[in-house]
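Each value in this text was obtained by applying a stated rule to the coordinates, not by laboratory testing. Quick caveat, the model's predicted, so the values are computed rather than measured. Using ideal geometry, Cβ is built from the backbone for each residue, glycine included, and neighbour counts are taken over all protein chains shown.
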Amino acid sequence: MNSMIPTSAPLPVKPPDLKQDADYVFYELTRSICPECRRVIDGHILLRDNKVFMRKRCPDHGLFEVLVYADAEAYTSSTKFNKPGTIPLEFSTQVKHGCPHDCGLCPDHQQHACVGIIEVNSTCNMDCPLCFADAGPGFNLTLAEVEAILDRFVETEGQPEVVQFSGGEPSIHPDIVPMMQAAKVRNIRHIMLNTNGKRIATDDKFLAELADIRPALYFQFDGFDEETNRLIRGEADLLPLKLQALDRLAEANCPVILVPAIERGVNEHEVGRIIKFGIEHPAIFGINFQPAFHAGRHMAHSPLERMTIPDVIRLVETQTGGMFVKDDFVPVPCCFPTCNSVTYAYIDGDSVIPLPRLLNVDDYLDYITNRAMISISDDVKTALEGLWSSSAVPGAEKAAQNFALSCAACGLPEGLEDLSSIINNMFMIMFQDFLDPWTFNQKNVMKCCKEILLPDGKQIPFCAYNNVGYREQARAQLTAQEPERRQARRDGTRFEPQPLTFSFDRPLRTNGSNGSGRNGDGP
């Protein structure tokens, strides 16, 4: 008799745990700051869904994530446009604490100052909801202070390319005209006035003085709609004054660069109209679109939905019907390539021909593979470097010369017999993405070529000045010196400014309304 050996049912086998890939590519490590306290922390650059994000963690305030660049392919391929930096003749500070706390410029900085910015005052005749300088009552530099700043700028640069007078609103400073004249006698190539245009619209004497000096006007212009001007500038009825100022600048033969801040949900729809207006208006030689950055005073925003350069380029392509397209814009090599992109076009009646459609700019501005041929390429490369530079000023003779030499390489166009005809037929569109406490990237700051020039000789990279704590400390010290300035003016004596000192031991809170980019809080 066979016995049956009872058997039990096989035990279920637990499937092995499967590892999962992250939903992003870790691209690089940089240094950033906490948007809440400004502590320097690591920043991870991540690629996801063809966009570039920064993720960072503060020990006190947790995890943050922000959109950096809305085109990962363009971001990663821009490296070839990273031009070797030019070393200034002199540095103004030593390396003690490490970037970004030794500005500047310190010997670790990787670029000279293409553009020197002098904030001659903190006061403004507007109260814009979007204002990186958080303009308001505070200080007015003396003419002697500005002259000393200019002298130091010449010492560090030899022949500086561009000095921009800013504020506050620099046009309301009582000495703004002699300040610009002081720059002119020091043989600084380009003088620029950053302005909202209000004084220009109504002050005949000031307009005549501008016509004599002929600075380039870096002209605030965010759009045509009342709601645009109400939300960004706090004044819905601003447009008629802006148009009046522009018409008067055309009569005075002063070149204008429009500067629209493009904010998500506010004025994206106005990009194409601004370009068409700029091309048609006789005073305007270029446009510098700036995706809104959220430093100083700003509106509520989502760091994961901020505007970036690729976003604005897409708007340009769509709203101009292909007059300008993505491939027309090439990164600017003198700063970090993802900070700026620019193109130039030849305008002939209704015909608009972007230069990169006729000349492969990549062949000349590729600093990694160096594919450019010999022969005329060195001259053309130098000319293109002059155009694709933060110091390029449309409407100026040097820009026209560089444009003409570039055109010689591609045969464009017939009938350009002199520089004046080139000046009147070339048009620039630039995109400038400044950093804020959410997007701050030490790598970009170390190659920044736009510096704030201070009375004690320091030259601080623009995006370090606005985000790390330099602006707040400089503003407090310059304002504290204001009673002595006023007394010196009354006594007819020279005011001697005290050196500015900076400390970063204490946490610094951000100003203005802001949105959270912490995981779980944002979209």
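Between N187 and A22, the FRET efficiency estimated from the beta carbon spacing at R0 = 56 angstrom works out to 0.55. Backbone phi angles across the stretch 466-477, fed through the Karplus curve with coefficients 6.51, -1.76 and 1.60 (θ = phi - 60°), yield HN-Hα couplings of 7, 10, 8, x, 5, 4, 4, 6, 5, 4, 4, 6 Hz in residue order; Gly and Pro are listed as x. By the count of other C-beta atoms within 10 Å, a proxy for reagent exposure, Y75, Y218 are ordered fewest to most as Y218, Y75. Using the Karplus relation 6.51 cos²θ - 1.76 cosθ + 1.60 with θ = phi - 60°, the per-residue 3J(HN,Hα) values for the stretch 200-209 come to 4, 5, 10, 9, 5, 5, 5, 4, 5, 5 Hz, with x marking Gly and Pro. Comparing Cα centroids, the stretch 116-184 and the stretch 447-481 end up 12 angstrom apart. Annotation: amide H of I262 within the under-5 Å range of Q290, A292, sequence separation 5 or more or interchain, hydrogens built in the peptide plane.
What ranking of D350, D225, D134 emerges when the number of other C-beta atoms within 10 Å of each C-beta is taken as an exposure proxy, fewest first? Don't skip to the end; give the middle numbers.
Working: D350 6, D225 16, D134 19.
By the 10 Å Cβ count, ascending: D350, D225, D134.
Which trypsin sites (Lys or Arg not before Pro) from the stretch 80-182 combine a DSSP loop assignment with at most 11 other Cβ atoms within 10 Å?
Counting only loop positions with at most 11 other Cβ atoms within 10 Å, the trypsin sites (Lys or Arg not before Pro) in the stretch 80-182 are K96.
Size of the stretch 25-78 from its Cα atoms: along the principal axes, largest to smallest, the extents are 34, 16, 15 Å. When the listed pairs K51/K447; K51/K198; K19/K83 are checked against a 32 Å cut-off, the alpha-carbon distance exceeds it for K51/K198; K19/K83.
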